[in-house]
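Each remark here refers to the structure printed beneath this line.
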């Protein structure tokens with residue numbers, strides 16, 4: 001699962017990495033993004049890519065886990081068919097966190113890509129209009145089978161898109177599942193690094209550069 005992540009790139013890096021044509025939301029660096037928070041995502045088409053604001057956590061009643069969506073499960077469900085075909089998005093990310101709890105002990109790591117300061121996680125989004133006519137956009141992170149690094153901490157990992165696959169993923173005209181199903185696979189562990197971080201990042205409200213600093217090995221385990 002992907003339950004927290006960071007986005008520490010500057011806006012110029014985002015524009016370059018995702019080919020943004022419009023920036024429609026204020027942007028600031030984030031060190032500990034948690035579910036239900038408002039963050040920027042990328043939506044658009046082959047020729048237009050917008051950075052827009054969205055809340056993490058898909059709102060429909062039929063989404064059992066609104067924060068993550070297991071691709072193997074949702075791809076075969078009728079209720080996900082519409083947004084899977086036409087409402088795919090990319091979630092900019094600099095690194096995601098994973099925590100393993102054993103009894104009263106917690107161990108947290110930050111997982112990053114070796115060759116990229118910012119990358120895109122595959123996602124789905126939904127938009128609804130409230131009675132006042134205000135649009136509310138929400139999203140979920142697509143997950144898949146974990147690689148060797150991530151499997152030490154969790155049973156699923158976010159789908160990380162290669163740069164050349166982003167165009168197809170955002171193309172609303174690419175509705176044939178066979179076109180992009182081959183792009184859904186675990187990112188290679190050999191292209192990732194992980195390092196220990198402060199397990200206290202699981203606390204609400206902690207969002208500072210300290211979150212991404214490597215934690216001293218001797219202090220890795222925190223007693224609850």
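Can you give me the number of residues within the stretch 67-125 that are part of a loop (DSSP other than H, G, I, E, B), more than 26 Å from residue 213 (Cα to Cα) and under 17 Å from the mean Cα position of the chain (by Cα)?
Residues that pass the stated criteria total 1.
Here's the yes/no breakdown for (1) without any contact (Cβ under 8 Å) to a residue 60 or more places away in the chain; (2) in contact with a helix residue (DSSP H, G or I) (Cβ under 7 Å, 6 or more places away or on another chain); (3) more than 25 Å from residue 151 (Cα to Cα):
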residue: 26; (1), (2), (3): yes, no, yes
residue: 38; (1), (2), (3): yes, no, yes
residue: 44; (1), (2), (3): no, yes, yes
residue: 53; (1), (2), (3): no, no, yes
residue: 66; (1), (2), (3): no, no, no
residue: 93; (1), (2), (3): no, no, no
Taking the stretch 1-12 and keeping residues in contact with a strand residue (DSSP E or B) (Cβ under 9 Å, 6 or more places away or on another chain), surrounded by fewer than 19 Cβ atoms within 10 Å (Cβ to Cβ) and either at pLDDT 95 or above or in a helix (DSSP H, G or I) (or both) leaves 8, 11
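So which of 51, 36, 58, 20 ends up being surrounded by 15 or more Cβ atoms within 10 Å (Cβ to Cβ) and at pLDDT below 95?
Answer to the check: 58.
The values are calculated or read from the model by the stated rules, or taken from the named source; none is laboratory data. The model shown is predicted, which means the values in this text are computed figures rather than measured ones. No Cβ is skipped: glycine too gets one built from the backbone with ideal geometry, and neighbour counts run over all protein chains shown.
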